[in-house]
Each structure stands twice: as structure tokens, then as C-alpha cells.
1. Run the numbers for PHE33 and LEU74: contour at 0.36 nm per residue of separation, minus the present Cα-Cα distance, in nm.
2. Give me the percent of accessible area attributable to carbon and sulfur for the chain, probe 1.4 angstrom.
3. Starting from the Cα gyration tensor of segment 51-113, multiply each eigenvalue by 5, take the square root, and state the resulting semi-axes largest first in whole Å.
4. What value in Å³ per residue do you get for the convex hull of the alpha-carbon atoms in the chain?
5. Which value at 222 nm does the chain reach when only helices count, each DSSP H run of 4 or more adding -39,500 (n - 2.57), with the total divided by all residues and rounded to the nearest 500 deg cm²/dmol?
6. Given a 1.4 angstrom probe, what's the average accessible area per residue across the chain, in square angstrom?
Amino acid sequence: MSYLNPNAAEARKFKIIVGSAAVAATVGIGSLFWIQATTLVEKPEPKIIYVDSWAANRSRKDALDARAKSDAALAAKLAAARTYIASLPPDKRKLAQAEYDRYLAAPAHERVN
């Protein structure tokens, strides 16, 4: 029954062992967090968003004309892409068509032009 009432030397030895284990575990876990934060995390590329700037006195007609112009440019770009896809060999055509369909399915603000 000495484990229920240890002498002073055994109690000190037990406290040193448990205290050392606690410090080692804390240092080990902290070291893992530090290593992950500094080396193992891949930094994402910054996403640059360009925004058009218009004059404060721009009319509705000017806005609609600009929208029509950008829509026409997109339609021309998509038509050129469809023409290019049609010129590919069948195996590459299937992959290119799948990519084209994914591009069209994405929300407009996520498309890379």
C-alpha cells in the first residue's frame, strides 16, 4: 500500500516525471504547430480583380452600349473557341468540349477571361 502513501523521495520523483512529460508534450505540440505554420502550409496565390471605372455622369445609353460591346466580344470569343474545338481530333475534342462546358457552367464572376 505504499503507492497510496508514498514517501517524500518517491513523491518528488513522480512529480518530476509527470512534470517533465507535461512540458515535453507541450513543447512537442507547440513545435508541430510552428512547423506547420511556417513550412507545410501552401500560401494561396492572391486573386486580383480588376474593376472598370466610369465617369460619374455616364448615361444609361453609354452603359447599355458598353454592355452590348462586351457581350459581343464574349460571343465572338466563344464562337472562336467552338470553331477551334471542332478542328481538333476526336479524343482531344471530347476533352476540350468538356472544358468548354465547365467554363460556361461556372458563374460569370468566376470565369477567367
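The values are calculated or read from the model by the stated rules, or taken from the named source; none is laboratory data. It should be emphasised that the depicted structure is a prediction, and the values quoted were computed from it without experimental measurement. Protein only, heavy atoms only, side chains kept; ligands, DNA and RNA dropped before computing areas. Shrake-Rupley method; radii C 1.70, N 1.55, O 1.52, S 1.80 Å.
1. 10.1 nm
2. Here carbon and sulfur together make up 64 percent of the probe-accessible area.
3. Ellipsoid semi-axes (Å, largest first): 33, 13, 7.
4. On the way: hull volume 33.2 nm³, N = 113.
Spread over its residues, the Cα hull of the chain gives 294 Å³ apiece.
5. Details: 3 runs with 71 residues, N = 113.
Here the helix-only value at 222 nm equals -22000 deg cm²/dmol.
6. Dividing the accessible area of the chain by its residue count gives 92 Å².
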